[in-house]
1. HN-Hα J couplings of the stretch 10-26 from phi, Karplus 6.51/-1.76/1.60, θ = phi - 60°, integer Hz, Gly and Pro as x?
2. Can you order the peptides 160-166, 72-78, 105-111 by their average number of other Cβ atoms within 10 Å per residue, highest first?
3. Let me make sure I get this right: for the stretch 1-60, a, b and c are the square roots of the gyration tensor eigenvalues over alpha carbons, sorted descending. Under 1.5 in a/c it's rounded, otherwise prolate if a/b > b/c, else oblate. Which is it?
4. With 22 Å as the limit, write out which pairs from K16/K126; K197/K257; K159/K180; K69/K126; K197/K233 have Cα-Cα distances beyond it, or answer none.
5. Along the stretch 178-183, what does the Karplus equation 6.51 cos²θ - 1.76 cosθ + 1.60 (θ = phi - 60°) give for ³J(HN,Hα), rounded to whole Hz, x for Gly and Pro?
6. Taking K121 as the anchor, which lysines have their alpha carbon closer than 19 Å to its alpha carbon, excluding any fewer than eight residues away along the same chain?
7. Which value at 222 nm does the chain reach when only helices count, each DSSP H run of 4 or more adding -39,500 (n - 2.57), with the total divided by all residues and rounded to the nearest 500 deg cm²/dmol?
8. What FRET efficiency, computed as 1/(1 + (r/R0)^6) with R0 = 30 Å and r the Cβ-Cβ distance, is obtained for L62 and D256, rounded to the nearest 0.05?
Amino acid sequence: MNNLSVDNLLGIKHLKKNDLELIFKTADHFKEVINRPIKKVPSLRDITIANLFFENSTRTKLSFELAEKRLSADIINFSAAQSSVKKGETLIDTANNILSMKVDIIVMRHPNEGAAYFLSKHVDAKIINAGDGAHEHPTQALLDSFSIREKLGTVKGKKIVIIGDILHSRVALSNIYALKLQGAEVKLCGPTTLIPKHITQLGVGYEKSIRKALEWCDVANVLRVQHERMDIKYFPSVREYTQMYGINKELLDSIDKEIVIMHPGPINRGVELTSDVADSKQSIILHQVENGVAIRMAVIYLLAQQINRN
């Protein structure tokens, strides 16, 4: 199979296992490209991509932009903070105005769940969801799985624990879908107030104790505490959260095996992870950043191939 089973990348939930394999195989190729002296390929020279970010993002936006430039696409950057959206323009108005500039692909981050799906029903362009509220963040889950596969050889049969603020995390949900699709065992760990009520129906376990979770897992994917999404307090204090769920070198060294440490970033250093853990040889956080560009190149390239076919 050389093409995706979907027309847009709205979420991991809509993908098949073959889609993941194709994306990873394509990303392997692009990872080799971005490590060459000349890091650009002319693959998308006739494709125009609009980056619509209705929510602030530095890392994801830069990663997508770099991926697009490496593929030689033309880029339009749109930031809602400086736009007509503040004057009451709707999402469809904004998208249609951008499409009138003959845009082929829209990469969108939006604070509302389902925004990417909604847009895909109303505009004639390929849509890539770069995060919709606390719903999904598919390219982050893809780069996480790609990084695990690179480090451990496979995702199948591996034990992955996702630690922290599951309730407000689009990364967690996308990761659960991606990891389960590939045959991994998944557990969640964090304060009960930050674990969604029915999430275990997705076939994941729950472990309240951080020590037990780390003793069980091969990989710990540690999430950021998202204070900006919390309208009420979900735990007494950051200090207490850190004491209960923060990972420090002493805790890590006391576990009788080497665990892979991941984090989607940005890290609250000293809260979820101490610096000596984030910067340790067990951490693959910088590999995740590098792999993010290759994965996003793969997704954009594969969707663009459909444009050329139609």
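Every number in this text was worked out from the coordinates using simple rules, so none of it is lab data. Everything quoted here is computed from the prediction, not taken from an experiment. A quick note on method: Cβ atoms are made from the backbone with ideal geometry, for glycine too, and the neighbour counts reach across all protein chains shown.
1. 9, x, 5, 3, 8, 8, 9, 4, 4, 4, 4, 4, 5, 4, 5, 5, 5
2. Per-residue Cβ counts within 10 Å, averaged per peptide and sorted highest first, yield 160-166, 105-111, 72-78.
3. Cα axes put the stretch 1-60 in the oblate bin.
4. Violating the 22 Å limit, Cα to Cα: K197/K257.
5. Going residue by residue, I get 5, 5, 5, 4, 9, x Hz, with x marking Gly and Pro.
6. Those lysines meeting the cut-off are K13, K102.
7. Values: 11 runs with 124 residues, N = 310.
The helix-only estimate for the chain comes to -12000 deg cm²/dmol at 222 nm.
8. For R0 = 30 Å, the calculated efficiency reads 0.20.
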